[in-house]
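Below is one structure, written out as structure tokens; the observations come after it.
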Amino acid sequence: MVSPKIAVLVPCYNEALTIEKVVRDFKTFLPNAEIYVFDNNSKDGTAEIAKEAGAIVRFEKKQGKANVVFKMFREIDADIYIMIDGDDTYPVDCVQQMLDQFIDNNCDMLVGDRLSNNSYKNQNKRAFHNFGNNLVRSLINMFFGSELKDILSGYRIFSNKFVKNYASTIKGFELETDLSIYSLNYELVIDEYSIDYRDRPEGSVSKLNTFTDGFKVIKLFFNLVRLYKPLLFFGTVSAVLFVLGLLFMTIPIKEYFEYKYVYKVPTLIFSIMLVILSLLAFMTGLILDNISIIDKKNFKVRYNSTR
């Protein structure tokens, strides 16, 4: 059998302290893979160090991890893609076992799970990160009926089909959330492999802002629910508006039964408007849900036609 062509994708921004080790580890544990480091306007010599370590170095001027990964997916041809951060927080010594599981289970995406063995909780020193991970995971599993253990891991393996069909409009660290929800929406095969996460070495600084990027992830989640599950989203909006409309309507109805006359006419008009908006929201959800079903069918045809 012909061995699959494997590409290691390392998006980087100011990772001079760790990028050499990441590249050399892959050369040790996966010698036949091509290692690509895409530099995202680093100012600390990351690109030069990666090149000296033996990586193929390319550049992306648009700032943001998602922009880098989109360019990687667009420009690089391979059978299997391994995406990993350049901060040396993910283990490389288990990559062959991850690949074996990916191939054996015919996966579209395999995720390096940092959470189920508590290694992320024990190693990560940044406040609220564990809370944020658990919140996003719980929301996605609840809305999409899944049982994923790690939504935000940056260590992933993809099939060629996945890479060449993936599309999004995000720009930054919301990438992992988008990848997970995208896979769930289109019912792709997702698997997870438990890994031992380690915190950044001393002197290495995270580019992730706990609150700013956390807010972006939550915002993206609800936007994707609106996009991928429109009937659920607009149905919920419709129900809230309908209940509010009925509550406001009780005031003029009560007046009518007491005085045979409605004095609070503006309240009555407002309640009727809420009910009408509720019906419009529900109809919008129905229409968009049908469009979503057609989109899924078209996606499957396109996905299955990819090599």
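The values are calculated or read from the model by the stated rules, or taken from the named source; none is laboratory data. Predicted, not measured: the structure shown is a model, and the values here were computed from it. Reconstructed Cβ throughout: ideal geometry from the backbone, glycine too, with neighbour counts over all protein chains shown. Calculation scope for accessible area: heavy atoms of the full protein, side chains included, ligands and nucleic acids excluded. Shrake-Rupley method; radii C 1.70, N 1.55, O 1.52, S 1.80 Å.
Region 36-113 and region 263-305 have Cα centres separated by 39 Å.
Report the per residue volume, in Å³, of the convex hull enclosing the C-alpha atoms of the chain.
Details: hull volume 48.4 nm³, N = 307.
Given the Cα convex hull of the chain, per-residue volume reads 158 Å³.
Between region 157-191 and region 8-25, the alpha-carbon centres lie 22 Å apart.
The Cβ shell under 12 Å around TYR90 holds other residues with a net charge of -4, Lys and Arg each +1, Asp and Glu each -1.
Diagonalising the gyration tensor over the Cα atoms of region 106-161 and scaling each eigenvalue by 5 before taking the square root yields semi-axes of 21, 15, 9 Å, largest first. Membrane-span-like helices in the chain, defined purely by DSSP H runs whose alpha carbon atoms cover 18 Å or more axially and whose average Kyte-Doolittle hydropathy reaches 1.0, are 230-259, 265-304.
Let me check I've understood the local charge: for THR284, count other residues with C-beta under 14 angstrom from its C-beta, Lys and Arg +1, Asp and Glu -1. What total comes out? Kindly include the intermediate steps, with their values, before the conclusion.
Values: positive: ARG226, LYS229; negative: ASP289.
Residues near THR284 contribute +1 overall.
Taking all protein chains in place and a 1.4 Å probe, what share, in percent, of the accessible surface of region 235-307 do carbon and sulfur account for? Mind dumping the intermediate values first?
Values: 3990 of 5310 Å².
Heavy-atom surface of region 235-307 belonging to carbon and sulfur, 1.4 Å probe: 75 percent.
Surface composition of region 54-194: carbon and sulfur make up 49 percent of the accessible area, probe 1.4 Å. Among 174-183, 104-113, 276-285, sorting by the average number of other beta carbon atoms lying within 10 angstrom of each residue, highest first, gives 174-183, 104-113, 276-285. How charged is the neighbourhood of ASP113? Take every other residue with its Cβ under 14 Å from the Cβ of ASP113, and add Lys/Arg as +1 and Asp/Glu as -1. Charge balance in the 14 Å sphere: -1.
If I take R0 = 41 Å and measure r between the Cβ atoms of ASP44 and LEU286 in this structure, what FRET efficiency does the formula 1/(1 + (r/R0)^6) give, to the nearest 0.05?
Details: r = 53 Å, r/R0 = 1.29.
So the FRET efficiency works out to roughly 0.20.
Determine the calculated [θ] at 222 nm for the chain from helices alone, applying -39500 (n - 2.57) to every DSSP H run no shorter than 4 residues and normalising by the residue count; nearest 500 deg cm²/dmol. Numbers along the way, then the final one.
Working: 11 runs with 167 residues, N = 307.
Computed ellipticity for the chain at 222 nm equals -18000 deg cm²/dmol.
At 1.4 Å probe radius, can you tell me the per residue accessible area of the chain in Å²? If you can, show how the numbers build up before the last one.
Working: 16070 Å² over 307 residues.
Per residue, the chain has 52 Å² of solvent-accessible surface.
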